[in-house]
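Novice: First the structure, then my questions, so here it is.
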């Protein structure tokens, strides 16, 4: 069983770039994936404690294969963005197939909560 899972993961990685994203923070975060040249490759919204696999073959991306390109899409950069304001952390030099945890990346590792709207009205 374990061998078939490992084989399927290795087989899939031969044809697509993928990352395993883990939001190990107490906040909802958006993982923004960029290529080595800064090109936006995709993003995933993860709730606190959620895990997702991001792959170029799961969702449509704007990647256009250029076989004589002078640049590489890897290593990746993963930017963990707060849902309201600011950035939680950033990981650079990420290899395809890697596991990326929000708390293992560099950054403030805190998010500013959205201010609550004042619902009380002043009476005249």
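The values are calculated or read from the model by the stated rules, or taken from the named source; none is laboratory data. Just so it is clear, the model here is predicted, and its values are computed rather than measured. Neighbour counts run over all protein chains shown; Cβ positions are idealised from the backbone, glycine included.
Novice: Which condition breaks for residue 55 when tested against (1) in contact with a helix residue (DSSP H, G or I) (Cβ under 8 Å, 6 or more places away or on another chain); (2) at pLDDT 95 or above?
Specialist: (2)
Novice: May I pose another question? When the residues of the stretch 17-45 are narrowed to those that are in a strand (DSSP E or B) and without any contact (Cβ under 8 Å) to a residue 40 or more places away in the chain, which ends up surrounded by the fewest Cβ atoms within 10 Å (Cβ to Cβ)?
Specialist: 40
Novice: Please go through the stretch 75-96 and give me each residue that is in a loop (DSSP other than H, G, I, E, B) and either at pLDDT below 85 or loosely packed, with under 14 Cβ neighbours inside 10 Å (or both), ordered by number.
Specialist: Answer for the stretch 75-96, where residues must be in a loop (DSSP other than H, G, I, E, B) and either at pLDDT below 85 or loosely packed, with under 14 Cβ neighbours inside 10 Å (or both): 84, 85, 86, 95.
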